[in-house]
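Data first, discussion second: the structure below is written as C-alpha cells.
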C-alpha cells in the first residue's frame, strides 16, 4: 500500500507553518479541502482573513513544476484556472485562491446541465486552441499501451482473477489495437486527460479548470467524451450524443480540427471505450496498491458505458463477447461473495 504522506505529522507541521507564514497569520488553521487520487493534497485555511487553499505536493512524490508549467500556459491563453498567490516549488507548497466547496459534479442536475456544459465547452475550446508548447508530451503509443495494460493487469487480473486464454488474449489485443489506431488517426490538440465535472469549479468566468498537470498533445475527441461520460456521473446516451453534437458544432466554428459529425461521434465512442477500460484498471490499482477503495463503487458505471456503446460498433464485438462471457460473471461472483 502506498502511504498517505499528507497525514505524516512532520509534513503536517511543515505545511501548517508554511501556510501561516504565507497568510501572515500565526493562528491560522488548515482543514482538508479535498482528497486526490495522487499524492497532492488540498487544505482550506481558516483565520483572520478570507480562506485560501494550500496545495501540498511533496517534492519527492509529485513535483509541482509540471502543474505550474501547464497553469502558466493555460492562464496565458485565457483558460480559467485558480489564481496563485504564493509559490514555493522547492518544498511543494502553493497558496491558491479558494474557489469554494462544490465542484461542477456536485452542482449539475437535469435542469442546469445544458448551461453548465455550454460553459465547460467554452473552456475546453480555449484549451484546444492553444498551440502545443515545446516540451509538451504526446498521447502516443507508449501512453496508449500503458493504458491498455492497466485494464488487463489490474482489473482483469488483480480484481477479477481472470487469466485470458490465448484466443481471448488475441481478441482483446485486436480490440485494443483498433482503439489505439483510431486514437492515432485523430487530429491532435492539447488534451487535459481528465476534463470532467469533478475537475471543474463553477465560478464566474469559468468553470475553473483543475488537475491539468498531465496535459499532452492528443486525440481531439478525448476531452469531449471525458466531459460527458464522466467517471462519477452518468447521463442518458441520447443526451450525451446531443452534447457531443453541440460541442462539434462549436468546435467547427472555433477552428478546432474536428472531422465530419458522423466520424467524430464514432471517434468519441471509441475514445470513450479506450478511456473506460483504462479507468477500470486505475480504480482497481487504487484499491489494491494504494488502499483507496472508494473508486470501485463506480465500476458498474463503466460496465454500463460499455454495454450501451459496444453494440453500435461491430469492430469492437470481441470486447462485448469478453464482457458477457467472462467479466460480468466474475463481477457477479465478487458481489455474491461480498
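The values are calculated or read from the model by the stated rules, or taken from the named source; none is laboratory data. The structure displayed is predicted, hence computed values, not measured ones. All Cβ positions, glycine included, derive from the backbone under ideal geometry; neighbour counts span all protein chains shown.
Quick notes
- Where helices (runs of 4 or more DSSP H) sit wholly within region 226-338, those with at least 3 residues that are within 17 Å of residue 178 (Cβ to Cβ) occupy 261-288, 317-322.
- Residue in region 172-190 that is within 22 Å of residue 119 (Cα to Cα) and either crowded, with 21+ Cβ neighbours inside 10 Å or touching a strand residue (DSSP E or B) at 6+ places or on another chain (Cβ under 8 Å) (or both) present: yes
- Within region 236-264, residues that are closer than 22 Å to residue 312 by Cβ sit with their Cβ atoms under 7 Å from residues that are outside any helix (DSSP H, G or I), at 6+ positions apart or across chains, in these pairs: 240/229; 248/258; 251/258; 258/220; 264/221; 264/258.
- Of all the residues in region 311-331, those that are touching a residue at least 40 places away in the same chain (Cβ under 8 Å) and farther than 19 Å from residue 170 by Cβ number 3.
- Residues of region 102-131 satisfying the condition of being outside any helix (DSSP H, G or I) and under 19 Å from the mean Cα position of the chain (by Cα): 102, 103, 108
- Strands (runs of 3 or more DSSP E) contained entirely in region 40-99, each with at least 1 residues that are crowded, with 21+ Cβ neighbours inside 10 Å: 41-46, 52-56, 93-97
- Once region 283-295 is narrowed to residues that are in contact (Cβ under 8 Å) with a residue 40 or more places away in the chain and in contact with a helix residue (DSSP H, G or I) (Cβ under 6 Å, 6 or more places away or on another chain), the residue that is surrounded by the most Cβ atoms within 10 Å (Cβ to Cβ) is 283.
- From the options 10, 14, residue that is outside the structural domain of residue 137 (by TED's automatic domain parsing), outside any loop (DSSP other than H, G, I, E, B), more than 22 Å from the chain's Cα centre (by Cα) and loosely packed, with under 14 Cβ neighbours inside 10 Å: 10
- Among residues of region 217-234, those that are at pLDDT 95 or above and either under 21 Å from residue 133 (Cβ atoms) or surrounded by fewer than 17 Cβ atoms within 10 Å (Cβ to Cβ) (or both), counted: 6
- Selected residue [touching a helix residue (DSSP H, G or I) at 6+ places or on another chain (Cβ under 6 Å) and under 24 Å from residue 219 (Cα atoms)] from 119, 132, 126, 148: 148
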